[in-house]
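Below is one structure, written out as structure tokens, with a few remarks after it.
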Amino acid sequence: MALYRVEGIVLKTRELGEADKIVTLYCRDQGKVRAVARGSRRPRNRLSSGTQLFTYGEFLLSEGKNLDAISQAEIRESFRGLREDLARMAYASYVMELTGEMVEAKEPNEPLFLLLLGVLHLLGEDDPGNHETIVRFFELKLLTLLGYRPHLRNCVSCSNPEVSFFSPALGGMVCRRCREQVPGATEVVKVAPGTVQAMRKLDESRFHGARAVKPGATINREMEFVTRTYITYLLEKPLKSWAFLDMVRAN
């Protein structure tokens, strides 16, 4: 069996049998990889800590017929704080699920890997009041890196700069005149001018510049509604982590 080493982040884990689990990694050079970690649900197993959700590390894998296997896991950053704080865990879980659902297996994207790693650091270190904006920034950058960057500058249909609706079908803002003419008109979302402006700032920001964008709660909620609508359209389903995140924020 061929061995290969990867630098990766644990996106997801799923129980397998009595003591094993299937681990989904997002790797710098390999993209999304699924592998079995045998015995890793036993407390003293050498793979137990290194295959926990959010962990960033180096992994040695062996190629298998149907599923590769993790034979070594060396932790670089455990992100333990994300697992011990319910709110941080909810935001990080959403980031992990969104990444896992949006990318295909074995399609490397190093900028996305670095974005994911950086966002985990911000969620672990920043004030919880910044988490909504950090996640909006992540959504916009992930969409851009995967070829789905939302068109926010003017009407995607006629280039009119006066825009007030977002069309998931067209992947961008539309003006009032074009609103009834676009495909999927019933799914078009009304967007306030302040929300459009905040999304443009985040879209144009570099990584740490996102911290300087300070939208209010109302604008953050509207940005989230826009991105959820767009992501649901792209994936053709809602994400499971949204319900968990909504429950945590409500309490």
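No value in this document is a laboratory result; all are computed from the given coordinates. Computed from a prediction, not measured in an experiment: that's the story for all the values here. Glycine gets a Cβ as well: all are built from the backbone with ideal geometry, and neighbour counts include every protein chain shown.
Odds and ends about this structure:
- Largest GNM mean-square fluctuation across Gln197, Gln52, Gln181, computed for the chain with C-alpha springs under 10 Å, falls on Gln181.
- Computed over the stretch 3-78, relative contact order equals 31 percent, with contacts defined as Cα pairs under 8 Å that lie 6+ residues apart.
- Cross-link partners of Lys190 among lysines, defined as those whose alpha carbon lies under 23 angstrom from its own and excluding same-chain residues fewer than eight positions apart: Lys141, Lys201, Lys214, Lys237.
- Summing Cβ point charges (Lys, Arg +1; Asp, Glu -1) relative to the Cα centre of the stretch 3-78 gives a dipole of roughly 200 debye.
- Only the Cβ atoms of Lys and Arg (+1) and of Asp and Glu (-1) were treated as charged; on that basis the dipole of the chain about its Cα centre amounts to roughly 120 debye.
- Most mobile of Gly172, Gly147, Gly100 in a GNM of the chain (Cα contacts under 10 Å): Gly147
- 0 to 90° range, to nearest 10: angle between helix 241-250 axis and the chain longest Cα axis: 70 degrees
- Computed from point charges on the beta carbon alone (+1 for Lys and Arg, -1 for Asp and Glu), the dipole magnitude for the stretch 124-214 about its Cα centre is near 320 Debye.
- Taking every C-alpha pair closer than 8 Å and separated by at least 6 residues, the mean separation divided by the residue count of the stretch 81-171 gives a relative contact order of 23 percent.
- FRET efficiency, 1/(1 + (r/R0)^6) with R0 25 Å, evaluated for Arg14 and Glu58 via beta carbons: 0.70
- Other residues whose C-beta falls under 13 angstrom from the C-beta of Pro150 contribute a net charge of +3, scoring Lys and Arg +1 and Asp and Glu -1.
- Taking each residue as 0.36 nm, the span from Ala87 to Gln181 lengthens on full extension beyond its C-alpha to C-alpha distance by 29.8 nm.
- Relative contact order, percent, the chain [alpha-carbon distance under 8 Å, six or more residues apart]: 15 percent
- Among the GluC sites (Glu not before Pro) found in the stretch 129-206, those both in a DSSP coil and sparsely packed, with 12 or fewer other Cβ atoms within 10 Å of their Cβ, are Glu162, Glu180.
- Extending 7 Å from Cα along the Cβ direction at Leu146 and again at Lys106 yields two label points whose distance is 2.0 nm.
- Prolate/oblate/rounded label for the chain (Cα gyration tensor, a/c 1.5): prolate
- Centroid-to-centroid, using Cα positions, the stretch 201-246 and the stretch 76-121 are 15 Å apart.
- Cα gyration tensor shape of the stretch 105-152, rounded if a/c is under 1.5, else prolate or oblate by comparing a/b with b/c: oblate
- Gyration tensor (alpha-carbon) shape descriptor, the stretch 17-128, a/c threshold 1.5: oblate
- A protection proxy built from the mean count of other Cβ atoms within 10 Å ranks the segments 75-82, 8-15, most packed first, as 8-15, 75-82.
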